[in-house]
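One structure is given here, and the rest of the page talks about it.
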Amino acid sequence: LDWLTADILRLHLQPERPLRYSPGQHLLLWGAADVARPYSLASLPADDGLEFHIDCSQPGAFSNLARGWRAGDSLRLGELHGGALHYDPDWQERPLLLLAAGTGLALLWAVLREALRQGHRGPIQLWQVARDSAGHYLASELARLCATHPQLQLRLLLQAELASALANLQLASRQTIALVCGPPAAVDRFARRLYLAGLPRSQLHADVFLPRATPAPA
């Protein structure tokens, strides 16, 4: 358990048996017998264990439980789902534009590292929008990646700066692939601007964090 900010928990889990997954997928976590939520995997299959970034800024059944967890506690893992985002090796020469709002960064953190692991050669821009500077919770780790991968550029934005940044957004190329992750309002805002900038709809891939009813336990 690693509290990256007062409200963002980086959760590391060691599964009892190997879990086969791909960067961009999400997994159902059961915090209690009747409390489950899907979370994006922020880890890569080669990492030691599973990683999740949990936003506990708002009260809720799952986040309230998360604040009480201690190292060594047990969670039950539910279904693994394929998300809309992934890294395609056919994109190696194409510009990538990764746009994250809040802990939407978790999923893009995994996809970004997978792209770099596969030797992506095109330019990569990563934007993260947060309510305040503390919300840029992986800033130092992203800066280290930028230092060792010159094709990667990082832009950390506050909500108040987003309108101006989007107004000046220009695509590196018509071949750009955009990957967007976050709450519905943020994803819609990114998507509208990308279309206006000339990005073909087929080159936009988005994963939206939607409220989900808690399923019945198996």
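Looking at L162, L105, L96, which is the one that is farther than 22 Å from H26 by Cβ and modelled with pLDDT of 95 or more? So that I can check it myself, show each step before the final result.
Values: L105 fails: farther than 22 Å from H26 by Cβ; L96 fails: farther than 22 Å from H26 by Cβ.
Of the residues listed, the single one that is farther than 22 Å from H26 by Cβ and modelled with pLDDT of 95 or more is L162.
In region 1-11, what residues are touching a residue at least 40 places away in the same chain (Cβ under 8 Å), of a type outside the set (V, I, T) and open to solvent by 20 Å² or more (accessible area, probe 1.4 Å)?
Our first condition is that a residue be touching a residue at least 40 places away in the same chain (Cβ under 8 Å); within region 1-11, this holds for 1, 4-11.
Add one more test, that the residue is of a type outside the set (V, I, T), and what stays is 1, 4, 6-7, 9-11.
L1, L4, A6, D7, R10, listed by residue number.
Using the structure shown, decide if R121 is open to solvent by 10 Å² or more (accessible area, probe 1.4 Å), in contact with an Asp or Glu (Cβ under 6 Å, 6 or more places away or on another chain) and of a type in the set (K, R).
It is true that R121 is open to solvent by 10 Å² or more (accessible area, probe 1.4 Å), in contact with an Asp or Glu (Cβ under 6 Å, 6 or more places away or on another chain) and of a type in the set (K, R).
Output the residue which, of all residues in region 124-150 that are among the hydrophobic types (A, V, I, L, M, F, W, C) and in a helix (DSSP H, G or I), is least open to solvent (accessible area, probe 1.4 Å).
Kept after step one, since they are among the hydrophobic types (A, V, I, L, M, F, W, C), are these residues of region 124-150: 124, 126-127, 129-130, 134, 138-139, 142-143, 145-147.
With the extra rule that they be in a helix (DSSP H, G or I), the set shrinks to 134, 139, 142-143, 145-147.
Values: A134: 55, A139: 33, L142: 2, A143: 52, L145: 30, C146: 36, A147: 85 Å².
For region 124-150, the residue satisfying everything is L142.
Go through region 40-99 and give me each residue that's in a helix (DSSP H, G or I) and either under 30 Å from R201 (Cβ atoms) or free of Cβ contacts under 8 Å to residues at least 60 places away in the same chain (or both).
So the first thing to find is which residues in region 40-99 are in a helix (DSSP H, G or I), and the list is 61-66, 89-91.
Across region 40-99, the qualifying residues are F62, S63, N64, L65, A66, P89, D90, W91.
Being part of a strand (DSSP E or B) and of a type outside the set (S, T, Y) is true for just one of R155, R193. Which residue is that?
Just a single option satisfies the conditions, and that option is R155.
The values are calculated or read from the model by the stated rules, or taken from the named source; none is laboratory data. Predicted model only: the values in this text are computed from it and were never measured. With ideal geometry, Cβ positions are generated from the backbone for all residues, glycine too; neighbour counts draw on all protein chains shown. Just the protein is used for accessible areas: all its heavy atoms, side chains included, with ligands, DNA and RNA removed. Shrake-Rupley method; radii C 1.70, N 1.55, O 1.52, S 1.80 Å.
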